[in-house]
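Right, one structure below, let's go through it.
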Amino acid sequence: AKEKSLNFLEEIVKEAADRGVAIQTRFPPEPNGYLHIGHAKSICINFGLAQKYGGKCNLRFDDTNPTKEDVEYVDSIKRDIRWLGFDWALERYASDYFDQLYEWAKELIRKGLAYVDDQTQEQIREGRGTVSEPGKESPWRNRSAEENLDLFERMKAGEFADGEKVLRAKIDMAHPNMLFRDPIMYRIIHARHHRTGDKWCIYPMYDYAHGQSDSIEHITHSICTLEFDVHRPLYDWFIQALGIWPSHQYEFARLNLTYTMMSKRKLLKLVQEGAVMGWDDPRMPTICALRRKGYTPASVRAFAEMVGVAKRDNVIDLGKMEYCVREDLNKVAERRMAVLNPVKVTVTNYPEGKVEYFECVNNPEDPSAGTRQVPFSRELYIERDDFMENPPKKFFRLQPGGEVRLRYAYLIKCEEAVKDAEGNVVELRCTYDPQSGGGSSSDGRRVKGVIHWVSARHAFEAEIRLFNPLFTKENPDDCEEGQTWEDNLNPESMIVTKGWLEPSLAGAEPGRTFQFERVGYFCPDTDTTPGHPVFNRTVTLKDSWAK
Ligand code: ATP
Ligand code: MG
Ligand code: MG
């Protein structure tokens with residue numbers, strides 16, 4: 001087989017590993033929301049590359065903003081990474097390094113590379129200038145190191161209110177890269193932190209915290225998304241100014257999906273406003289939602305692999321993700337029979353009260369999955385669509401006078417379609433060929449159509465939830481004048497209906513996905529209660545997207 005060429009990130013990591021570098025990566029989520037499919041890709045890259053090249057990957061919570069973060073998110077993030085099949089070498093928090101970061105900030109002050117600025121947020125923004133115009137130096141820029149140290153210590157001691165002062169790096173107010181125009185290193189936030197409590201009221205900014213945290217952990221490859229490429233020179237600047245262990249940053253294109261919103265802020269809004277049932281609503285792009293919807297970890301990993309690692313932003317067709325889960329479920333999901341839109345069949349020559357069991361294969365792709373016994377009786381349900389009164393040519397399912405195979409069971413022939421006053425078919429009266437059990441027929445005649453069925457007495461009713469994309473637009477942020485992205489929500493994103501399921505599905509618990517033969521892939525939902533089973537459609541059987 002031809003070897004797949006390595007993506008550019010893997011080339012870089014492999015080259016380092018070949019030189020004997022001990023590969024160390026990290027996945028750095030901010031605990032301000034649940035992980036989504038974009039994060040899953042980042043997880044697969046960071047953990048996957050470390051695994052493949054004999055290295056390690058840390059989990060580091062980027063918890064530098066106490067007002068937006070919560071332990072609820074920390075716990076969910078750990079659960080989701082484990083579910084994806086990865087485990088971290090070390091669990092760390094940017095907040096573990098607050099003391100060290102504070103000491104390093106004082107070192108930069110002593111070196112004349114940082115100062116306390118009293119300007120308002122507004123003044124700082126204005127003073128920064130524009131791309132075509134250099135910025136203005138702050139009137140506080142040339143304070144002595146002693147004064148800066150004193151003020152910075154008093155900032156930490158809580159003497160000032162939020163926004164009264166900031167610590168800035170002293171670089172170049174005319175630098176062509178706007179991020180170099182004296183970037184803010186610390187701001188004052190009087191808020192309780194979910195880990196450090198009230199110890200701190202000054203918090204480091206991303207640009208100051210991230211690279212230094214990487215350096216402390218000796219991260220060899222700090223992999224992040226493309227929008228951080230302009231931050232890289234600043235990342236290097238802090239490390240050089242401090243003379244600390246040299247981590248390096250590498251960027252790849254973030255994952256975007258059609259019909260999918262990936263911003264945590266906007267996803268949070270959907271949850272808070274009740275537009276969805278929660279972070280794990282099966283219509284959400286979060287990892288917990290994919291799990292609830294019946295996706296397998298292997299399918300998510302396969303999807304991350306399939307979309308690859310790009311250097312340019314692009315948008316991936318949502319159909320590719322569905323393709324990946326369908327491929328995996330086809331291999332691993334056990335088959336069952338369920339009828340979603342039933343019409344009753346009475347087998348008139350089958351004895352009343354008789355029940356027999358047919359042995360059904362659980363998974364034709366996996367003999368080790370075994371078989372199960374499915375009851376058959378005189379009254380059945382089949383899909384309404386599997387009968388047509390006046391069918392076109394090549395309709396091989398049930399029609400008046402026609403025969404069809406009931407999957408794993410008998411051939412039946414439709415003798416009569418009983419209708420109600422409005423002309424709707426309410427019952428099909430059929431006869432069966434008693435010689436035709438398990439695939440044979442009494443005279444060797446061939447019958448093309450095979451349909452699924454359930455025994456009406458034995459089947460149980462379940463709520464069935466069918467899902468469509470949450471947004472009506474390929475790009476949910478693309479909206480008409482005067483509208484917002486929320487106007488693009490799909491009113492038909494969840495359709496609630498019913499189904500009649502074969503008895504072996506009774507008591508099925510969330511965490512397993514089944515193929516309902518000829519219907520689609522379905523899994524028990526977490527809303528299931530003893531008297532009220534609920535099943536989600538994971539994905540349809542047919543592919544709308546060709547590989
Ligand atoms: P948001 O801006 O919505 O808060 P974020 O990117 O800031 O999202 P983080 O928790 O900081 O969220 O992300 C953790 C890691 O996951 C980062 O390294 C980030 O680059 C990566 N990541 C986030 N979104 C995507 C995406 N869509 N595709 C690939 N990687 C992503
Ligand atoms: Mg963020
Ligand atoms: Mg981030």
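The numbers here are math on the coordinates, done by the rules we state, and not lab data. If you're wondering where the values come from, they're calculated on a predicted model, not measured in any experiment. All Cβ positions, even for glycine, are placed from backbone atoms using ideal geometry, and neighbour counts span all protein chains on display.
Distances between placed amide hydrogens fall under 5 Å for Tyr186 paired with Leu167, Met205, all partners being 5 or more residues away or on another chain.
Here region 394-522 is treated as an ellipsoid with the same Cα gyration tensor; its semi-axes, largest first and in whole Å, are 40, 19, 16.
Under the rule a/c < 1.5 gives rounded, and otherwise a/b versus b/c splits prolate from oblate, where does region 443-493 land using the Cα gyration tensor? Taking the square roots of the gyration eigenvalues as a ≥ b ≥ c, region 443-493 is oblate.
Pull up the cross-link candidates among the lysines for Lys419, meaning alpha carbon to alpha carbon under 30 Å and not fewer than 8 places away within one chain. Once the sequence-local lysines are set aside, what remains near Lys419 is Lys344, Lys354, Lys393, Lys394, Lys448, Lys498. Evaluated with a Cβ-only charge set (Lys, Arg +1; Asp, Glu -1), region 381-517 carries a dipole of roughly 1200 debye about its Cα centre, given to the nearest 20.
Placing unit charges on the Cβ atoms only, positive for Lys and Arg and negative for Asp and Glu, gives the chain a dipole magnitude near 1500 debye about its Cα centre.
Comparing Asn468, Asn536, Met494 along the charge dipole axis of region 460-540, the residue lying farthest to the positive side is Asn536, per the Cβ-charge model. With θ taken as phi - 60° and the Karplus curve 6.51 cos²θ - 1.76 cosθ + 1.60 applied, the whole-hertz 3J(HN,Hα) list for region 353-361 is x, 7, 10, 10, 10, 10, 7, 10, 6 Hz, x standing for glycine and proline. Between region 136-206 and region 281-358, the alpha-carbon centres lie 52 Å apart. Here the spin labels are modelled as points 7 Å beyond Cα on the Cα-Cβ line, and at Asp420 and Glu159 they lie 8.2 nm apart.
In terms of other Cβ atoms within 10 Å, Phe303, Phe460, Phe61, Phe180 run from fewest to most in the order Phe460, Phe180, Phe61, Phe303.
Here region 257-381 is treated with +1 on each Lys and Arg Cβ and -1 on each Asp and Glu Cβ, and its dipole about the Cα centre works out to around 580 debye.
When only C-alpha pairs under 8 Å and at least 6 residues apart count, what is the relative contact order of the chain, in percent? The value is 12 percent. For region 220-317, trypsin sites (Lys or Arg not before Pro) meeting the loop criterion (DSSP other than H, G, I, E, B) and having at most 10 other Cβ atoms within 10 Å: Arg312. Rounded to 0.05, the FRET efficiency of the Ser5 and Asp543 pair, given R0 = 25 Å and the Cβ-Cβ distance, is 0.40. When a/c reaches 1.5 or more, the comparison of a/b and b/c decides; with that in mind, is region 134-240 rounded, prolate or oblate per its Cα gyration tensor? Cα axes put region 134-240 in the oblate bin. Between Asp150 and Asp313, the C-beta separation translates, for a Förster distance of 35 Å, into a calculated FRET efficiency of about 0.15.
Summary value for region 366-465: 31 percent relative contact order, contacts being C-alpha pairs under 8 angstrom separated by 6+ residues.
So what's the net charge close to Phe514: Lys and Arg +1, Asp and Glu -1, counting the other residues with Cβ under 9 Å from its Cβ? Net local charge, Phe514 excluded: +2.
Can you give the Rg to Rh ratio for the chain, taking only C-alpha atoms and Rh from Kirkwood? Result for the chain is an Rg/Rh of 1.12. Going from the fewest other Cβ atoms within 10 Å to the most, the residues His194, His452, His221 appear in the order His194, His452, His221. Each part gets one Cα centre, and for region 455-518 versus region 371-440 those centres are 28 Å apart. Count the lysine pairs in region 78-159 that are 8 or more places apart or on different chains: how many have C-alpha atoms under 28 angstrom apart? Count of close lysine pairs: 5. Over the chain, dividing the summed -39,500 (n - 2.57) contributions of all DSSP H runs of at least 4 residues by the number of residues returns a 222 nm mean residue ellipticity of -7500 deg cm²/dmol.
Each residue of region 294-310 was assigned a 3J(HN,Hα) from its phi angle through the Karplus expression (A = 6.51, B = -1.76, C = 1.60, θ = phi - 60°), giving x, 5, 9, x, 4, 5, 5, 5, 5, 5, 4, 5, 5, 6, x, 10, 10 Hz with x at Gly and Pro. Exposure proxy ranking for Lys199, Lys4, Lys413, based on other Cβ atoms within 10 angstrom of each Cβ and starting from the fewest, stands as Lys4, Lys199, Lys413. Estimated from the Cβ-Cβ distance and a Förster radius of 45 angstrom, the FRET efficiency linking Glu126 and Asn256 is about 0.85.
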